[in-house]
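The values are calculated or read from the model by the stated rules, or taken from the named source; none is laboratory data. Just so it is clear, the model here is predicted, and its values are computed rather than measured. Positions of Cβ are generated from backbone atoms using ideal geometry, with glycine treated the same way; all protein chains shown enter the neighbour counts. Note: accessible area is taken over every heavy atom of the protein model, side chains too, but ligands, DNA and RNA are not part of it. Shrake-Rupley method; radii C 1.70, N 1.55, O 1.52, S 1.80 Å.
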Amino acid sequence: MRKLLFVSLALSALAIGVCSCKAWRTISTTATYVQQNDSAKTTQTITTKTVEEYQGVKKR
C-alpha cells in the first residue's frame with residue numbers, strides 16, 4: 001500500500017514538472033469622442049477587449 005502511494009506521488013510530481021504553463025492577459029481599451037456643434041452635442045464611446053494567451057515551455 002505504501003509503495004503504491006509513493007509511486008503515485010512520484011508520477012504526479014513528474015507530470016507536474018514536465019507540463020508547461022499557460023497565462024492569460026486581458027487588455028481593455030476605452031475611447032470617447034465628443035462632437036459638438038451649435039445645437040447638439042454627441043458623445044461616442046468605443047470599448048475593445050483583447051485576451052492574449054501565452055504558452056510557456058519548461059527549459060531543459
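Laid out as a table, the results:
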| item | result |
| --- | --- |
| For Thr26, net neighbour charge (Lys/Arg +1, Asp/Glu -1) across residues whose Cβ lies under 12 Å away | 0 |
| Accessible area (Å², 1.4 Å probe, nearest 10) - Val57 | 120 Å² |
| Inter-label distance for Asp38 and Phe6, nm, one decimal - labels placed 7 Å from Cα along Cα-to-Cβ | 9.2 nm |
| Residue-level accessible surface for Tyr54, protein heavy atoms, 1.4 Å, Å² | 110 Å² |
